[in-house]
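Read through the structure below, which is laid out as structure tokens, and then see the notes.
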Amino acid sequence: MLRVGLTGGIGAGKSTVANRLAEHGAVIIDADLIAREVVQRGTEGLAEIVRAFGTGVLDAGGALDRPALAAKAFADEESRRTLNAIVHPRVGARTAELMERAAPDAIVVHDIPLLVEGGLAPHYHLVLVVDADPEVRVARLTDARGMTEADARARIAAQSTERQRREVADVWLDNGGHTEIVLSEVDTLWADRLVPYEANVRLRRPRPPLSPVIAEYDPSWPEQAGRVLARIRAAVGDRVERVDHIGSTSVPGLPAKDVLDLQILVPSLDAADGIADTLSEAGFPRAEGEWCDESRERDGRLPKRFHFGGDPGRPVNLHVRSPETPAWRVALLFPAWLRAEPAERDAYAAVKRELANVHEGGSTLAYADDKQDWINAAFDRAEEWAERTGWTP
Ligand SMILES: CC(C)(COP(=O)(O)OP(=O)(O)OC[C@H]1O[C@@H](n2cnc3c(N)ncnc32)[C@H](O)[C@@H]1O)[C@@H](O)C(=O)NCCC(=O)NCCS
Ligand SMILES: Nc1ncnc2c1ncn2[C@@H]1O[C@H](COP(=O)(O)OP(=O)(O)OP(=O)(O)O)[C@@H](O)[C@H]1O
């Protein structure tokens, strides 16, 4: 099952996007709908609301008077917190039930306005954010929905900001223009990313080999890595010692293949085997076969475990290493040294560019082999630097 989080500020177009995803076959779990169910007449949820807010929030028929409660909830933070504390745990429990019920090959889209506020982003395989300018949203809500301008603005003020949503967004859907524009983006997203991602995770499918194309440094690489690392942490918790962004994409200014290298440090390779299924399910299918780091001593091969990111839109290599071999420390040292020594970083960039030219259209393995000579010599300089500066992992 692929879990997709879909969020956006009020009136941005979540329902518009969710409806299109449903037409493609996604299973939609609608948080607003569940929030209504758990406070229907006769529920324990509604009784609690009445205890907290009084019978003034009931209509003549004894059901929740939503506008009356909205007037309180969006006017002051304390009331909203009280309401959230009653409704959210119930919504959470019901959501978990519905998720459990989805088929193993389902693409489940959780349409949830308060994804950011709830800190839920790391629990999805992918987070989609629909956005439109607040003024556009206010106009849509007042025109099409008949909401008052004051209510629309009060709700916008009660929600997270565009910047906070950007931090969690794997996919940013701009719905400031015609609906057809965002819908066509959704169609492409479904076919090119969500469908293959789901299959990759369910079938534990490895990623096809990448060609050694070197991209210019992308300043969003560290943020992208941060999102992936948060997902890994949420999945494996304290069964791992640490998780880090390693490799060239962790060195600002260094061109690199557009694949994020991440490292998980586990106490032992047995522990790596113990988290393999959890990682696979979380979106990082384990790669079959034996994986080793090259040892600089001639005798040694340094075993590790290896997982691929299943998301075709964000290539990830996940190296699972243990202190049983020294490779984990070197993997942290090398980029730390390049970050500290810009001249070495630039020299490395030149080597990469040259070799990428030589091996253009060819095999990534041959490229990596050739690069290793420079790297082996560089390791010595990095070790000297570590000694000199007292660097520790
Ligand atoms: C206050 C209530 C009664 C107002 O009902 P109303 O029918 O006017 O709005 P509805 O529930 O359809 O929500 C419409 C939109 O308002 C925004 N909104 C709703 N609740 C909240 C909240 N607690 N904080 C911020 N925004 C909210 C969302 O963008 C949502 O999509 C209702 O929104 C509610 O019970 N909210 C608390 C539960 C909640 O947090 N729901 C959000 C999803 S879990
Ligand atoms: N691109 C667009 N152009 C014009 N109107 C739009 C566009 N996208 C959505 N709308 C309209 O704006 C309103 C809000 O859209 P929608 O219901 O999809 O937002 P939402 O994010 O689900 O809102 P809520 O947070 O209230 O659930 C709807 O009336 C919808 O028809």
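The values are calculated or read from the model by the stated rules, or taken from the named source; none is laboratory data. Being a predicted model, the structure only gives us computed values, none of them experimental. All Cβ positions, glycine included, derive from the backbone under ideal geometry; neighbour counts span all protein chains shown. We work out accessible area using only protein heavy atoms, side chains counted, and drop any ligands, DNA or RNA first. Shrake-Rupley method; radii C 1.70, N 1.55, O 1.52, S 1.80 Å.
Got a sec? Which helices (runs of 4 or more DSSP H) wholly within the range 12-67 have at least 3 residues that are outside the structural domain of residue 107 (by the TED database), β-branched (Val, Ile, Thr) and touching a Lys or Arg at 6+ places or on another chain (Cβ under 8 Å)?
By residue number, no helices (runs of 4 or more DSSP H) qualify.
Let me confirm something: among 78, 135, 100, 37, which residue is free of Cβ contacts under 8 Å to residues at least 24 places away in the same chain and closer than 23 Å to residue 4 by Cα?
100
If you check residue 139 against the conditions, is it open to solvent by 40 Å² or more (accessible area, probe 1.4 Å), near ligand 1 (Cβ under 10 Å from one of its atoms) and small (Gly, Ala, Ser)?
So residue 139 fails the test.
Test residue 89 against the criterion of being open to solvent by 70 Å² or more (accessible area, probe 1.4 Å) and within 16 Å of ligand 2 (Cβ to nearest atom), and give yes or no.
For residue 89, the condition - open to solvent by 70 Å² or more (accessible area, probe 1.4 Å) and within 16 Å of ligand 2 (Cβ to nearest atom) - is not met.
Looking at the range 187-201, is at least one residue within 16 Å of ligand 2 (Cβ to nearest atom), among the aromatic types (Phe, Trp, Tyr) and more than 21 Å from residue 320 (Cα to Cα)?
No, the range 187-201 has no match at all.
Between residues in the range 108-127 that are open to solvent by less than 10 Å² (accessible area, probe 1.4 Å) and residues that are of a type in the set (S, T, N, Q), which pairs lie under 6 Å by C-beta distance while being six or more apart or on different chains?
What qualifies is 115/7.
Please work out if residue 94 is farther than 29 Å from residue 146 by Cβ, away from ligand 2 (no atom under 16 Å from the Cβ) and at pLDDT 95 or above.
Criteria not met by residue 94.
Looking at the structure I just gave you, is residue 339 of a type in the set (Lys, Arg), more than 24 Å from the chain's Cα centre (by Cα) and at pLDDT 95 or above?
Against the criterion (of a type in the set (Lys, Arg), more than 24 Å from the chain's Cα centre (by Cα) and at pLDDT 95 or above), residue 339 qualifies.
Restrict the check to the range 100-109 and report whether at least one residue is within 13 Å of ligand 2 (Cβ to nearest atom) and modelled with pLDDT of 95 or more.
There is at least one residue in the range 100-109 that is within 13 Å of ligand 2 (Cβ to nearest atom) and modelled with pLDDT of 95 or more.
Going by the conditions given, is residue 167 away from ligand 1 (no atom under 15 Å from the Cβ), touching a strand residue (DSSP E or B) at 6+ places or on another chain (Cβ under 7 Å) and in the same structural domain as residue 113 (by the TED database)?
The answer is no for residue 167.
Give 288, 294 a once-over and let me know the one that is surrounded by fewer than 13 Cβ atoms within 10 Å (Cβ to Cβ) and either at positive phi or at pLDDT below 95 (or both).
288
Assuming residue 68 fulfils every condition listed in (1) among the hydrophobic types (A, V, I, L, M, F, W, C); (2) under 30 Å from residue 135 (Cα atoms); (3) within 16 Å of ligand 2 (Cβ to nearest atom) apart from one, which condition is it?
All conditions are met except number (3).
For the structure I just gave you, tell me whether residue 313 is closer than 30 Å to residue 190 by Cβ, assigned to a loop (DSSP other than H, G, I, E, B) and not β-branched (Val, Ile, Thr).
For residue 313, the condition - closer than 30 Å to residue 190 by Cβ, assigned to a loop (DSSP other than H, G, I, E, B) and not β-branched (Val, Ile, Thr) - is met.
State whether one or more residues within the range 40-48 are surrounded by 13 or more Cβ atoms within 10 Å (Cβ to Cβ) and near ligand 1 (Cβ under 9 Å from one of its atoms).
Scanning the range 40-48, I find no residue that is surrounded by 13 or more Cβ atoms within 10 Å (Cβ to Cβ) and near ligand 1 (Cβ under 9 Å from one of its atoms), so the answer is no.
Scan the range 14-29 for residues that are near ligand 2 (Cβ under 9 Å from one of its atoms) and open to solvent by 10 Å² or more (accessible area, probe 1.4 Å) and jot them down.
Within the range 14-29, 14, 15, 16, 19 qualify.
So residue 183 passes all but one of these: (1) open to solvent by 50 Å² or more (accessible area, probe 1.4 Å); (2) away from ligand 1 (no atom under 13 Å from the Cβ). Which condition number does it fail?
Among (1) open to solvent by 50 Å² or more (accessible area, probe 1.4 Å); (2) away from ligand 1 (no atom under 13 Å from the Cβ), residue 183 violates only (1).
Could you tell me whether the range 246-262 includes any residue that is without any contact (Cβ under 8 Å) to a residue 40 or more places away in the chain, assigned by the TED database to the domain that holds residue 350 and surrounded by 15 or more Cβ atoms within 10 Å (Cβ to Cβ)?
yes
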